[in-house]
Protein chains: 2
Amino acid sequence: MKVTITDIAKDTGLALSTISRYLNHKKVQPENQVLIEASIKKLGYTPNRIAQGLRSKSSRSVALLIPFYSNYFWGHSVSYVTSALWEKGYTCTVHTYLPETDKQLKTIQLLISKKIGGVIAVSGSLSQEALNRLEDNGVPIVLLDQVLSSLSVDYVTSDNYQGGYMAGSYLAGKGHKKIGFIASEPGTYTICQRTRGFLDALQDHQIPSIPQYYSYQTSAYPAAEAQLQHLLSLKEPPTALFFCYYESCLSGISELAKYNISVPEKISIIGFDDDPLFSSLAPSITVIAQDFLTIGKEATKILLSRISGEDSSPGKKVLVPVRLIERESVAAI
Amino acid sequence: MKVTITDIAKDTGLALSTISRYLNHKKVQPENQVLIEASIKKLGYTPNRIAQGLRSKSSRSVALLIPFYSNYFWGHSVSYVTSALWEKGYTCTVHTYLPETDKQLKTIQLLISKKIGGVIAVSGSLSQEALNRLEDNGVPIVLLDQVLSSLSVDYVTSDNYQGGYMAGSYLAGKGHKKIGFIASEPGTYTICQRTRGFLDALQDHQIPSIPQYYSYQTSAYPAAEAQLQHLLSLKEPPTALFFCYYESCLSGISELAKYNISVPEKISIIGFDDDPLFSSLAPSITVIAQDFLTIGKEATKILLSRISGEDSSPGKKVLVPVRLIERESVAAI
DNA sequence: CTGAAAGCGCTTACAG
DNA sequence: CTGAAAGCGCTTACAG
């Protein structure tokens, strides 16, 4: 049933090593090549990658690690990475991880057992210990999204600062002076960058900073609604709002709809991260969009150059530009 | 650097086979077990799954195949399947496929090369040839979503008939008599089932069938909008609408918003498949929701029983119940 | 360019 | 329960 390289050798009368050489695209006499190709077709031979991997000690497989709670945007990066690597003969497994270090280590351990060639991870709550385990085993790592200071691995992340700056500039350019800002998770790298960019933009546009307009909270989802209600209840409520992460924008939209506050007549809004539905809503939502495809592309490129060993420079950091998608949710004042 | 089973054997003074037996959870003298465990910890040994796979001829890996254009709902099934299989020591790769048969075959070929243990596929436009190739190589297959008549593989799919019936009954129960229906892709198994269920429900509720209210089209996205406009322009437009697939519901919502047709006052709507945003919209959207998690769970269970060989019965078909999520988009008349 | 031989890290009969 | 030996399907120096 199973036809192996040995069968091809017997069938052609050539040595095992000659067949192997042909399979690995090394020089073979033209007449032998013809012989081998005919035999492969005749017998229906398929190389056994498991055996190849064992012998050559390269599994041609990489793993993608995504935090469990992660939003589905990363799907775009995942899709790109998976198919790009597949094209190169690599197999790509996707794993969601939980915050618990011991569970992460279990996953990492299995990956090492399977002789994984490299890892691309959405950093999120990936523990230092898990990353170290990977490093200790010589597995190249590319981290996406959050930048964790202490490691010397490669990073690919959106230019979050630029995104915040664009949002601020855009609203200012539309004549808004009273601009609210809704963030959370203050410790996070991405949120910090967006905040910094946003505030810098306002400053560059000579818009006075009004502390009440900027709300950060530590807790999760419901928070954004509370923040929004607070902002709207001010004596002089803002005329425009920057939702600096996806979930806040989502709850913001529904909150505004619930209270029948018309956008953009009553208040203008701009979000961070795009949703397929945002363009279908009335009004459609203006956002800063991350380029997840390019993130995936850059990450793949770096990882492959690390796996092949052609790049052994210290960890690098690639910033991928974001872009403003102008729709209907911001009015000029 | 790399520590192997041989190192453990040397370190403990036991035979290779004894270590192997321990690793495979077979009986070993208690004192040897202690010895082995200590040595494994001391040397930091990790089994090489590649070598195990080669020797034991089971790779403990399965592949998930998803059509490229597929909506992201399947992500829920994918997540479940991936982590459930991972728990069992299986590695799970996800692959999106294009409609072209030759490309599908290339993917399948690599999977076979990697000695894949089984496949779970969202059937979509998976070609007969690709499926045959898998079958010829003895790879167990579980198909999701569309039922393709000719194969004797396992199926796990939502009870689409029930879903259509529930939608029809619900609208009828709310007093609607003039009920529109928006479908497309008439050849599709799922759409056919939903349509049948829906029409049966109307009949069971003595609601006369008005042909103009039922629109099927062959083309894609823009079609739903055209269909909707047609329905609304009728002299006696329907008072309720069933969008029988996700994309039609999406474009329906935005179309209705665009023309300022208030839901549910002017017209009631119910969709098929739920979107996270549907509960945030004003009004929130009532839908028939598929249970993608259970679909993943069933598929995993069947596949594992096929791989282990404990189930060799002919292909079975599992219907997973759907459920109605009642929200605000349907008014009582 | 080609062939004979060794070996990747395991598992699996086969004796004991 | 344990050990010695063969072998999974390949690749890789080593001679020629």
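All but one of (1) touching a residue at least 40 places away in the same chain (Cβ under 8 Å); (2) within 12 Å of DNA strand C (Cβ to nearest atom); (3) buried (at least 18 other Cβ atoms within 10 Å of the Cβ) hold for B:Leu64; which doesn't?
B:Leu64 satisfies every listed condition except (2).
Exactly one condition in (1) farther than 20 Å from B:Ser308 by Cα; (2) out of contact with any Pro (no Cβ under 9 Å at 6 or more places or on another chain); (3) within 14 Å of another protein chain (Cβ to nearest Cβ); (4) within 7 Å of DNA strand C (Cβ to nearest atom) is not met by B:Ser17; state its number.
(3)
Among the residues of the stretch A:112-125, which ones are away from chain B (no Cβ under 14 Å) and open to solvent by 10 Å² or more (accessible area, probe 1.4 Å)?
A:Gly124, A:Ser125
Output the qualifying pairs, or none if there are none: Cβ atoms under 8 angstrom, residues six or more apart or on different chains, first residue in the stretch B:103-115 and in the same structural domain as B:Ala130 (by TED's automatic domain parsing), second residue of a type in the set (Phe, Trp, Tyr).
If the second residue must be of a type in the set (Phe, Trp, Tyr), the pairs left are B:Lys103/B:Tyr97; B:Gln104/B:Tyr97; B:Thr107/A:Trp86; B:Thr107/B:Tyr97; B:Leu110/A:Trp86.
Consider A:Gly309 against the criteria (1) on the phi > 0 side of the Ramachandran plot; (2) in contact (Cβ under 8 Å) with a residue 24 or more places away in the chain: it satisfies all of them except one. Which criterion is unmet?
The number of the failed condition is (2).
Quick one: count up the residues across the stretch B:94-109 that are within 9 Å of another protein chain (Cβ to nearest Cβ) and buried (at least 21 other Cβ atoms within 10 Å of the Cβ). Walk me through how you get there before you give the answer.
First, the residues of the stretch B:94-109 that are within 9 Å of another protein chain (Cβ to nearest Cβ): B:94-96, B:107, B:109.
Now restrict to residues that are buried (at least 21 other Cβ atoms within 10 Å of the Cβ): B:94-95.
Residues flagged as within 9 Å of another protein chain (Cβ to nearest Cβ) and buried (at least 21 other Cβ atoms within 10 Å of the Cβ) within the stretch B:94-109 amount to 2.
Among (1) away from DNA strand D (no atom under 16 Å from the Cβ); (2) away from every other protein chain (no Cβ under 14 Å), where does A:Tyr72 come up short?
So A:Tyr72 meets the others, but not (2).
Taking A:Leu324 as the residue in question, decide whether it is farther than 24 Å from B:Ile285 by Cβ, in contact with a strand residue (DSSP E or B) (Cβ under 7 Å, 6 or more places away or on another chain) and not aromatic (Phe, Trp, Tyr). Can you show your working first?
Working: farther than 24 Å from B:Ile285 by Cβ: yes; in contact with a strand residue (DSSP E or B) (Cβ under 7 Å, 6 or more places away or on another chain): yes; not aromatic (Phe, Trp, Tyr): yes.
Here the answer is yes, as A:Leu324 does meet what is asked.
Out of (1) away from DNA strand D (no atom under 16 Å from the Cβ); (2) open to solvent by 10 Å² or more (accessible area, probe 1.4 Å), what's the single condition that is false for B:Ser77?
(2)
Determine whether the stretch A:28-38 contains at least one residue that is open to solvent by less than 50 Å² (accessible area, probe 1.4 Å) and away from DNA strand D (no atom under 15 Å from the Cβ). Let's see the steps before the verdict.
Kept after step one, since they are open to solvent by less than 50 Å² (accessible area, probe 1.4 Å), are these residues of the stretch A:28-38: A:28, A:32, A:36.
After this cut, where a residue has to be away from DNA strand D (no atom under 15 Å from the Cβ) as well, the list is none.
Within the stretch A:28-38, not a single residue is open to solvent by less than 50 Å² (accessible area, probe 1.4 Å) and away from DNA strand D (no atom under 15 Å from the Cβ).
Let me spell it out: the conditions are (1) at pLDDT below 90; (2) within 11 Å of DNA strand C (Cβ to nearest atom); (3) open to solvent by 60 Å² or more (accessible area, probe 1.4 Å), and B:Gly53 meets all of them except one. Which number is the exception?
With respect to (1) at pLDDT below 90; (2) within 11 Å of DNA strand C (Cβ to nearest atom); (3) open to solvent by 60 Å² or more (accessible area, probe 1.4 Å), B:Gly53 is out only on (3).
Among the strands (runs of 3 or more DSSP E) contained in the stretch A:236-333, which hold 2 or more residues that are closer than 23 Å to A:Ile141 by Cβ?
Numbers: elements: A:240-243, A:268-272, A:286-289, A:317-320, A:323-325.
Strands (runs of 3 or more DSSP E) meeting the threshold: A:317-320.
I need the full set of residues from the stretch A:20-34 which are part of a helix (DSSP H, G or I) and more than 9 Å from DNA strand C (Cβ to nearest atom), in order please.
Filtering the stretch A:20-34 down to residues part of a helix (DSSP H, G or I) leaves A:20-23, A:30-34.
Across the stretch A:20-34, the qualifying residues are A:Leu23, A:Val34.
For the stretch B:1-14, what are the residues that are open to solvent by less than 50 Å² (accessible area, probe 1.4 Å) and either away from DNA strand C (no atom under 12 Å from the Cβ) or within 14 Å of chain A (Cβ to nearest Cβ) (or both)?
Initial filter on the stretch B:1-14 (open to solvent by less than 50 Å² (accessible area, probe 1.4 Å)): B:3, B:5, B:8-9, B:12, B:14.
Within the stretch B:1-14, B:Val3, B:Ile5, B:Thr12 qualify.
Looking at (1) among the small types (Gly, Ala, Ser); (2) at the interface with chain B (Cβ under 10 Å from one of its Cβ atoms); (3) over 21 Å from B:Ala63 (Cβ atoms); (4) in contact with a Gly (Cβ under 7 Å, 6 or more places away or on another chain), can you tell me which one A:Gly138 breaks?
(4)
Those residues that are part of a helix (DSSP H, G or I) and not aliphatic (A, V, I, L, M), I need them from the stretch B:101-125; list them, please. Let's see the steps before the verdict.
Looking only at the stretch B:101-125, we keep the residues that are part of a helix (DSSP H, G or I), and these are B:101-113.
Of everything in the stretch B:101-125, those that are part of a helix (DSSP H, G or I) and not aliphatic (A, V, I, L, M) turn out to be B:Thr101, B:Asp102, B:Lys103, B:Gln104, B:Lys106, B:Thr107, B:Gln109, B:Ser113.
One line per residue, one yes/no per condition, for (1) within 29 Å of A:Tyr213 (Cα to Cα); (2) within 14 Å of chain B (Cβ to nearest Cβ); (3) at pLDDT below 85; (4) surrounded by fewer than 18 Cβ atoms within 10 Å (Cβ to Cβ):
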| position | (1), (2), (3), (4) |
| --- | --- |
| A:Glu236 | yes, no, no, yes |
| A:Asp275 | yes, yes, no, no |
| A:Ile295 | no, no, no, no |
| A:Ile302 | no, no, no, no |
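Anything in the stretch A:39-50 that is open to solvent by less than 50 Å² (accessible area, probe 1.4 Å) and not polar (S, T, N, Q)? List them, or say none.
A:Ile40, A:Gly44, A:Tyr45, A:Pro47, A:Ile50
The values are calculated or read from the model by the stated rules, or taken from the named source; none is laboratory data. Just so we're clear, the structure is a prediction, and the values are computed from it rather than from any experiment. Please note: Cβ atoms are built from the backbone with ideal geometry, for glycine as well, and neighbour counts cover all protein chains shown. These accessible areas exclude ligands, DNA and RNA; they are computed on the full protein's heavy atoms, side chains included. Shrake-Rupley method; radii C 1.70, N 1.55, O 1.52, S 1.80 Å.
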